1. Among the residues of segment 210-221, write down those that are surrounded by 10 or more Cβ atoms within 10 Å (Cβ to Cβ) and either in contact with a strand residue (DSSP E or B) (Cβ under 6 Å, 6 or more places away or on another chain) or at pLDDT 75 or above (or both).
2. Going through segment 177-198 one residue at a time, which ones are open to solvent by less than 40 Å² (accessible area, probe 1.4 Å) and not hydroxyl-bearing (Ser, Thr, Tyr)?
3. Say whether the condition of being within 27 Å of residue 132 (Cβ to Cβ), open to solvent by 20 Å² or more (accessible area, probe 1.4 Å) and among the hydroxyl-bearing types (Ser, Thr, Tyr) is met by at least one residue in segment 13-23.
4. All but one of (1) buried (at least 19 other Cβ atoms within 10 Å of the Cβ); (2) touching a residue at least 60 places away in the same chain (Cβ under 8 Å); (3) among the hydrophobic types (A, V, I, L, M, F, W, C); (4) outside any loop (DSSP other than H, G, I, E, B) hold for residue 95; state the number of the condition that does not hold.
5. Can you run down the residue pairs with Cβ atoms below 7 Å, 6 or more apart or on separate chains, where the first is in segment 135-151 and within 14 Å of residue 172 (Cα to Cα) and the partner is of a type in the set (S, T, N, Q)?
6. Filtering segment 34-85 down to residues that are open to solvent by 80 Å² or more (accessible area, probe 1.4 Å), free of Cβ contacts under 8 Å to residues at least 12 places away in the same chain and acidic (Asp, Glu), which residue is farthest from residue 117 (Cα to Cα)?
7. Go through segment 103-160 and count every residue that is in contact with a strand residue (DSSP E or B) (Cβ under 6 Å, 6 or more places away or on another chain), modelled with pLDDT under 90 and not in a loop (DSSP other than H, G, I, E, B).
8. When you go through 66, 84 one by one, which is the residue that is out of contact with any Lys or Arg (no Cβ under 7 Å at 6 or more places or on another chain) and over 21 Å from residue 9 (Cα atoms)?
Amino acid sequence: GVSRMIKPRLLVFSPISPVPVDRGDKNRLFHLLLLLRDLAEVRLVCLQRDWEPPVTDWSSLEGVQIRMLPVGKAEVIAQGIRDILSFRPYIVFRFGLERVVQQVHQEIAEFQPNVFWGMNISALPFIQNAKDIKCVLDIVDSPSQYFRMTAGSSGTKWTSRLVSFLQWRIGEYENLALQASDHVLVSTLRDKEYLIRVHGNSERIHVLENCVPVDLMKRQWQFDPARPPTILFVGNM
C-alpha cells in the first residue's frame, strides 16, 4: 500500500483571537489559519482577554485545534508598568507573563510542533524560549517604523506621543526578533525594505500581503436569514 503523508505540526501563538473577524489583524490571522490547516496539523494558542467578549463559536476554523489562555486586564497593566520601569517596550512584553509563558511551554511539550509561528512582536518572548524549533514571526508591520511615523507626525495626540516615547527601544527588540526567528513576515514591501535597511537579515524577511484569498471570492454568497443583518463601516483605509 501507499503510505500516507504525515503533515507537519504547526503551533501558532497569537495575543489576539482571530474571531470574530472584525479587525485587520484578525482578518490576517483568520485567513492565514485557513491556508495553514491545509498544509499542516495546526494548533492555535491565543489569549482570552477578560476585557473582551469570550469567543463561543469556532465553527469557521474547523480543523484547527484551539487553546485559549485567559489573561486579566489588571495583570497586563501591572506587567506594562514593570516594563516601563525597566525601560522595556511594553508592546513587546505586556503579554509575556511568566504564567502565560509556562502555559505556552506546556502546549509545546504536549503538541511537539515542527514549527512555532508567532503573531505580532509580542510573540517575541515566546519565540525566544521555543528552543530547537523552527520559528516564524509575523510582525505584520514594522513596530519601529510605526514608532518613527507616529513620533514625527505633527497631528499625533500627546497621549500617543507619550506611548511612542515609552517604546524608544523598540528598534533594538525588533532586531532581536529578526535574530531569534528563522523567517520574519511583513505585510508590505515597504516594511521589508525598511527592515533590511535598518537591520539587514534580508534572506529571512518575506512579504505576505494582507488579502482575501481568491478562492474565497469565488464562493457563492447566500444570505442567512437566521443571522441578524449587519452594517459594515469601512474607515481609515
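The values are calculated or read from the model by the stated rules, or taken from the named source; none is laboratory data. Everything numeric here is computed off the predicted structure, so don't read it as measured data. Heads up, the Cβs are rebuilt from the backbone with ideal geometry, glycines too, and the neighbour counts pull from every protein chain shown. These area figures cover heavy atoms from the full protein model, side chains too; ligands, DNA and RNA do not enter into them. Shrake-Rupley method; radii C 1.70, N 1.55, O 1.52, S 1.80 Å.
1. Matches in segment 210-221: 210 only.
2. Selection gives 177, 178, 180, 184, 185, 186, 191, 195.
3. Looking through segment 13-23, none of the residues is within 27 Å of residue 132 (Cβ to Cβ), open to solvent by 20 Å² or more (accessible area, probe 1.4 Å) and among the hydroxyl-bearing types (Ser, Thr, Tyr).
4. (4)
5. From segment 135-151, the pairs are 147/164; 147/167.
6. That would be 62.
7. Count: 0.
8. One residue alone meets the criteria, 84.
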